[in-house]
Amino acid sequence: MPYQRLARRLADDPAPAVTTLPDGSIDRYCRLSTGALDPVNRRTTFAREAGADGRKGFDLEPRFVEPGGQAVNAAQQAHALGARAACYGHLDDPEPGRDVFADLPFETVSMGRAAKVNVLDFVDSDLLLVEASPDLTGWSLADLREAAPLSTVFGVDAVVCANWVSTPGMAEAFHELGAAALGRVPFVFDPGDVLGATSTTTRNSGRPSARWATAWTPCSRSTQPNSARSRRRCRPRPPRRSTTRTASSPSARRSTPRRS
């Protein structure tokens, strides 16, 4: 689908419905320092100090916590642009008595525990220290089916599927979706940070998605969690090639309450 036709299609509905899935994280923004050294505010400084002889550790000072994850970020951006967003992610806060996702202004459905991310918000570039969610690494399409009918999840105007690198079951989920009786809608696939992935791995990741989707929608490849820098990078822009990927979906959609 040409990008211009996609823009016209979404413009026909002042509030298009958008589904995002399947990740989610608790993003803890931290300041880094060590000993008498001033706060470390650059990655280059951190790299230099980490390699210094005698340097044994750093002090980590938490500043604030925010909801994060690529699916959550995409839903926030869609909501800000006027879409009716629904995020099917891993949104269970592991901290007792706390729920950082509770105030999100759009529909959320949780499929398990969120990842925990320490964000070193350096001036030149963020650095993420991630504790993965075992629920996300073990995720399968069965978990999504348990959260909501596929006709609800994909019965929207567009679908965003993100963070393939953290979701080993996503490839098999695409195979299953390829055999499902679903229609087509614009589909955004963001694999996440593929730095270090082998060519075989990336080729294999494309095979199941190609069976379900037919063209790409352009998307940012940023893996920053929920910072102003990442939101700036994720603004939509026309692609170099006039094609889009589409995914499956029937036309009906109903509201699904968040599942704890």
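Here ASN41 qualifies as among the polar types (S, T, N, Q), within 23 Å of ASP124 (Cα to Cα), surrounded by 15 or more Cβ atoms within 10 Å (Cβ to Cβ) and at pLDDT below 95.
This table checks each residue for (1) at pLDDT 95 or above; (2) within 20 Å of GLY192 (Cα to Cα); (3) not polar (S, T, N, Q).
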position	(1), (2), (3)
ALA75	yes, yes, yes
GLY89	yes, yes, yes
VAL100	yes, no, yes
ALA114	yes, yes, yes
VAL123	no, no, yes
GLY138	yes, yes, yes
ARG145	yes, no, yes
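Evaluation of ASN41 against the conditions (1) on the phi < 0 side of the Ramachandran plot; (2) without any contact (Cβ under 8 Å) to a residue 60 or more places away in the chain; (3) over 23 Å from the mean Cα position of the chain (by Cα) shows that the sole unmet condition is (2). Exactly one residue out of VAL123, VAL160, VAL100 is under 18 Å from ALA71 (Cβ atoms), in a loop (DSSP other than H, G, I, E, B), in contact (Cβ under 8 Å) with a residue 40 or more places away in the chain and of a type in the set (Val, Ile, Thr), and it is VAL100.
Scanning the stretch 57-97 for residues that are among the aliphatic types (A, V, I, L, M) and part of a loop (DSSP other than H, G, I, E, B) returns LEU81, ALA83, LEU91.
The values are calculated or read from the model by the stated rules, or taken from the named source; none is laboratory data. Since the structure is predicted, the reported quantities are computational estimates derived from the model, not experimental observations. We place every Cβ from the backbone using ideal geometry, glycine too, and count neighbours over all the protein chains shown.
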